[in-house]
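The values are calculated or read from the model by the stated rules, or taken from the named source; none is laboratory data. Just so we're clear, the structure is a prediction, and the values are computed from it rather than from any experiment. Cβ placement follows ideal geometry from the backbone for every residue including glycine, while neighbour counts extend to all protein chains displayed.
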Amino acid sequence: MARSVPKASAPVPGSSARDPGRHELRDPATEGAAARVDPAAPPSVDHSTEQAFRAVFDMLPDSVVVHTGRHILFANAAALGLFGAPSEAALKSRTIQDLLPPEYHAAADRRTRLILEEGRSVDRAQSQRLKFDGRMIEVETTSAPIVWEGRRAIVAVSRDITARLRAERALELRVADLELAREIHERQSAQLRALAEELRQARDAAETANQNKSEFLANMSHELRTPLNAIMGFSEVIKEQMLGAVGVPQYAEYARDIYTSGAHLLDIINNILDLSKIESGKFELHEGDVSITQVAAAVRRIVSGRAAVAGLVLEVAVPDDLPNVHGDERGIKQILLNLLSNAIKFTPRGGRVRLSGWVNADGSLSLSVTDTGIGIASENFDRILAPFGQVDSPLARDHQGTGLGLPLVKAMIELHGGRFDLDSTLGEGATATIVIPKPRTRPNGQRKTGVLGPR
Ligand SMILES: Nc1ncnc2c1ncn2[C@@H]1O[C@H](COP(=O)(O)OP(=O)(O)OP(=O)(O)O)[C@@H](O)[C@H]1O
Ligand SMILES: [Mg+2]
């Protein structure tokens with residue numbers, strides 16, 4: 001195939017501004033080379049100048065096209081790939097305009113004039129090209145003037161940047177996504193901070209309200225106790241007929257009722273007072289070494305009458321050598337009384353109530369009240385541990401009470417750093433246990449019998 005050889009020639013007028021020599025395609029291999037041929041050298045393959053150019057240009061990864069602004073004069077292998085042309089001849093059969101989307105025609109004409117008439121170069125211009133199959137690609141092209149076979153032409157070096165632009169656009173989208181996510185995150189963080197602040201204020205308000213309630217209860221209980229003491233004192237004088245016999249016996253009976261009701265009321269008031277003091281952190285433990293054996297004996301004396309009237313067997317299994325407890329004696333006694341009175345209240349005639357004490361393997365001390373009574377369903381545990389929480393059940397009959405006993409037990413033992421455990425099945429009795437931590441136990445001076453575990 002005949003192909004013209006590009007020849008070195010004089011610079012294009014006007015191209016001197018940008019180093020015109022840069023664009024001249026000289027073939028140094030042929031210039032004066034004949035004089036220097038070494039006859040001893042092995043015979044070299046005879047490349048024609050054109051073949052040499054072709055070989056060099058075809059090695060380039062970028063598309064190189066020499067054109068007049070309309071007709072294509074030369075195209076390397078990468079150019080055929082870029083446009084999807086089957087051969088150089090096929091590519092040359094198209095005009096430059098055929099390979100451009102119509103909207104680029106005007107701009108391409110301007111560029112052609114700039115290069116051909118003013119000898120200027122255009123560096124890395126981005127535009128689009130039409131491939132042979134009609135697909136559009138993005139290219140980056142550097143164009144410069146050149147003299148090609150004695151005429152002014154343009155050499156255009158292009159590379160396909162479609163994939164790069166797509167990747168850049170994807171990256172931009174990703175960055176925008178991330179930016180959006182960051183904004184959303186910041187907005188959510190701000191909302192969370194605002195919410196946390198609202199919650200803090202609500203908690204503060206609730207704490208203040210609770211504090212006020214506790215103070216109110218404490219004051220009210222105190223105010224109620226003073227007249228109640230008078231009621232109880234005088235009703236006792238009358239019921240005991242201390243200042244002389246009561247004329248009508250019924251009056252003495254009324255006085256007894258007034259006294260018992262007063263005592264019951266005082267009990268409730270004391271419980272409310274204790275609970276509200278514990279809740280508001282104002283309850284002060286009067287601590288000392290408490291002999292659990294003695295406390296157990298004392299509560300036994302108090303409740304044994306009630307157990308007998310209720311037709312129950314009362315057992316106390318608290319060994320003499322059980323360690324003493326460093327704590328509030330009145331509080332511990334109150335705990336055991338509340339648990340025992342519940343056991344007695346909620347156990348039908350013929351049942352058993354048992355108070356036992358033992359030392360655990362970790363050195364803590366347990367006191368437990370077990371009964372064979374009506375029991376409590378586990379779903380009601382939370383309710384009965386809250387103040388005034390009681391269980392409505394046909395089995396509970398018409399037991400007296402306000403629902404303050406267990407909350408007080410729990411609060412009091414926790415004030416001692418201990419724990420309250422409840423174990424019960426409806427209809428099968430209940431076991432209420434308090435655990436006093438080891439650091440609160442003290443030697444009680446009695447000979448050890450090595451009691452370990454509930455008995
Ligand atoms: N040993 C038990 N057997 C069955 N039910 C129990 C037992 N102990 C407590 N309960 C249930 O738990 C509720 C709450 O007990 P709690 O001691 O707090 O109040 P109360 O005994 O009703 O009244 P208060 O003790 O204030 O006089 C009881 O009303 C009862 O329903
Ligand atoms: Mg009770």
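Given the criterion charged (D, E, K, R) and at pLDDT 95 or above, identify the matching residue among E140, E149, E168. Working first, answer last.
Values: E149 fails: at pLDDT 95 or above; E168 fails: at pLDDT 95 or above.
After ruling out the rest, the residue left standing is E140.
Among the residues of region 377-409, which ones are at pLDDT 95 or above and basic (K, R)?
Passing the criteria: none in range.
So D421 ticks every box in (1) buried (at least 20 other Cβ atoms within 10 Å of the Cβ); (2) without any contact (Cβ under 8 Å) to a residue 60 or more places away in the chain; (3) not in a loop (DSSP other than H, G, I, E, B) but one. Which box is left unticked?
The one condition D421 does not meet is (1).
What residue, among those in region 396-409 that are exposed (fewer than 15 other Cβ atoms within 10 Å of the Cβ) and at negative phi, is farthest from ligand 1 (Cβ to nearest atom)?
The extreme case among them is D398.
Of all residues in region 48-98, how many are under 21 Å from W148 (Cα atoms), under 60 Å from the mean Cα position of the chain (by Cα) and not polar (S, T, N, Q)?
8
Residues of region 109-132 being in a loop (DSSP other than H, G, I, E, B), in contact with a strand residue (DSSP E or B) (Cβ under 7 Å, 6 or more places away or on another chain) and crowded, with 16+ Cβ neighbours inside 10 Å, which ones?
Within region 109-132, the first condition is being in a loop (DSSP other than H, G, I, E, B), and the residues that meet it are 119-121, 131-132.
Filter once more, so that each one left must be in contact with a strand residue (DSSP E or B) (Cβ under 7 Å, 6 or more places away or on another chain): 119, 121, 131.
Matches in region 109-132: G119, S121.
Here's a check for you: in region 355-411, which residue that is among the β-branched types (V, I, T) and closer than 22 Å to Q294 by Cα is nearest to ligand 2 (Cβ to nearest atom)? Quick ask: steps written out before the conclusion?
So in region 355-411, the residues among the β-branched types (V, I, T) come out as 359, 369-370, 372, 374, 376, 384, 391, 402, 409.
Remaining after also requiring closer than 22 Å to Q294 by Cα: 359, 369-370, 409.
Details: V359: 27, V369: 11, T370: 16, V409: 9 Å.
Taking the candidates together, the pick is V409.
Take the residues in region 337-354 that are out of contact with any strand residue (DSSP E or B) (no Cβ under 7 Å at 6 or more places or on another chain) and under 25 Å from T441 (Cβ atoms), then tell me which one is farthest from ligand 2 (Cβ to nearest atom).
My answer is L337.
Which one of these is on the phi < 0 side of the Ramachandran plot and either among the aliphatic types (A, V, I, L, M) or free of Cβ contacts under 8 Å to residues at least 40 places away in the same chain (or both): T293, T260? Give the steps one after another, and end with the answer.
Working: T293 fails: either among the aliphatic types (A, V, I, L, M) or free of Cβ contacts under 8 Å to residues at least 40 places away in the same chain (or both).
After ruling out the rest, the residue left standing is T260.
Take E414 and decide whether it is within 24 Å of I292 (Cβ to Cβ), away from ligand 2 (no atom under 16 Å from the Cβ) and free of Cβ contacts under 8 Å to residues at least 60 places away in the same chain. Break it down into steps so the answer makes sense when it comes.
Values: within 24 Å of I292 (Cβ to Cβ): yes; away from ligand 2 (no atom under 16 Å from the Cβ): yes; free of Cβ contacts under 8 Å to residues at least 60 places away in the same chain: yes.
When the stated conditions are applied, E414 passes them.
Going by the structure shown, is G331 among the small types (G, A, S), in the same structural domain as K239 (by TED's automatic domain parsing) and either closer than 28 Å to P227 by Cα or more than 16 Å from ligand 2 (Cβ to nearest atom) (or both)? Let's see the steps before the verdict.
Details: among the small types (G, A, S): yes; in the same structural domain as K239 (by TED's automatic domain parsing): no; either closer than 28 Å to P227 by Cα or more than 16 Å from ligand 2 (Cβ to nearest atom) (or both): yes.
No: the conditions fail for G331.
Checking the conditions here, which among S143, S158 is hydroxyl-bearing (S, T, Y) and free of Cβ contacts under 8 Å to residues at least 60 places away in the same chain?
On the way: S158 fails: free of Cβ contacts under 8 Å to residues at least 60 places away in the same chain.
Being hydroxyl-bearing (S, T, Y) and free of Cβ contacts under 8 Å to residues at least 60 places away in the same chain holds for just one of S143, S158, which is S143.
Across region 318-348, what is the total count of residues that are of a type in the set (S, T, N, Q) and away from ligand 1 (no atom under 11 Å from the Cβ)? Don't jump to the end; show me each part of the working.
As a first pass, look at region 318-348 and keep what is of a type in the set (S, T, N, Q): 324, 334, 338, 341-342, 347.
Subsequent filtering for residues that are away from ligand 1 (no atom under 11 Å from the Cβ) retains 324.
Total satisfying the criteria: 1.
Mind listing just one residue for me: the one in region 417-430 that is within 16 Å of ligand 2 (Cβ to nearest atom) and under 39 Å from the mean Cα position of the chain (by Cα) and, of those, nearest to I374 (Cα to Cα)?
So the residue we want is S424.
If you go through region 65-86 one residue at a time, do you hit one that is within 19 Å of T142 (Cβ to Cβ), in the same structural domain as A144 (by TED's automatic domain parsing), among the aromatic types (F, W, Y) and crowded, with 21+ Cβ neighbours inside 10 Å?
Checking region 65-86: at least one residue is within 19 Å of T142 (Cβ to Cβ), in the same structural domain as A144 (by TED's automatic domain parsing), among the aromatic types (F, W, Y) and crowded, with 21+ Cβ neighbours inside 10 Å.
State whether one or more residues within region 311-327 are part of a helix (DSSP H, G or I) and either free of Cβ contacts under 8 Å to residues at least 24 places away in the same chain or under 24 Å from T441 (Cα atoms) (or both). So that I can check it myself, show each step before the final result.
Filtering region 311-327 down to residues part of a helix (DSSP H, G or I) leaves none.
Looking through region 311-327, none of the residues is part of a helix (DSSP H, G or I) and either free of Cβ contacts under 8 Å to residues at least 24 places away in the same chain or under 24 Å from T441 (Cα atoms) (or both).
Which one is nearest to S221 (Cα to Cα), of the residues in region 281-311 that are among the small types (G, A, S) and surrounded by fewer than 17 Cβ atoms within 10 Å (Cβ to Cβ)? Please lay out each step first, then the result.
Taking region 281-311 and keeping what is among the small types (G, A, S), we get 281, 288, 291, 296-298, 304-305, 307-308, 310-311.
Those left that are additionally surrounded by fewer than 17 Cβ atoms within 10 Å (Cβ to Cβ): 281, 288, 297-298, 304-305, 308, 311.
Values: G281: 17, G288: 27, A297: 30, A298: 27, S304: 30, G305: 29, A308: 33, G311: 35 Å.
Of everything passing the filter in region 281-311, G281 is nearest to S221 (Cα to Cα).
Kindly establish whether A90 is at pLDDT 95 or above, over 16 Å from V139 (Cβ atoms) and assigned to a helix (DSSP H, G or I). Steps first, please.
Details: at pLDDT 95 or above: yes; over 16 Å from V139 (Cβ atoms): yes; assigned to a helix (DSSP H, G or I): yes.
So A90 fits the description; yes.
(1) closer than 19 Å to T162 by Cα; (2) outside any loop (DSSP other than H, G, I, E, B): which one isn't true of A106, the others all being true?
(1)
What residue, of Q211, Q201, Q250, is of a type in the set (S, T, N, Q), surrounded by 13 or more Cβ atoms within 10 Å (Cβ to Cβ) and out of contact with any helix residue (DSSP H, G or I) (no Cβ under 8 Å at 6 or more places or on another chain)? Talk me through it step by step, then tell me what you get.
Details: Q201 fails: surrounded by 13 or more Cβ atoms within 10 Å (Cβ to Cβ); Q250 fails: surrounded by 13 or more Cβ atoms within 10 Å (Cβ to Cβ).
None of the other options fit; the residue is Q211.
This table checks each residue for (1) in a helix (DSSP H, G or I); (2) in contact (Cβ under 8 Å) with a residue 40 or more places away in the chain; (3) among the aliphatic types (A, V, I, L, M); (4) within 8 Å of ligand 1 (Cβ to nearest atom).
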position: G350; (1), (2), (3), (4): no, no, no, no
position: W358; (1), (2), (3), (4): no, yes, no, no
position: L367; (1), (2), (3), (4): no, yes, yes, no
position: I374; (1), (2), (3), (4): no, yes, yes, yes
position: F381; (1), (2), (3), (4): yes, yes, no, no
position: I384; (1), (2), (3), (4): yes, no, yes, yes
position: V391; (1), (2), (3), (4): no, no, yes, yes
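For region 214-242, which residues satisfy the criterion of being modelled with pLDDT of 85 or more, within 23 Å of K282 (Cα to Cα) and either polar (S, T, N, Q) or loosely packed, with under 11 Cβ neighbours inside 10 Å (or both)?
The answer is T226, and nothing else.
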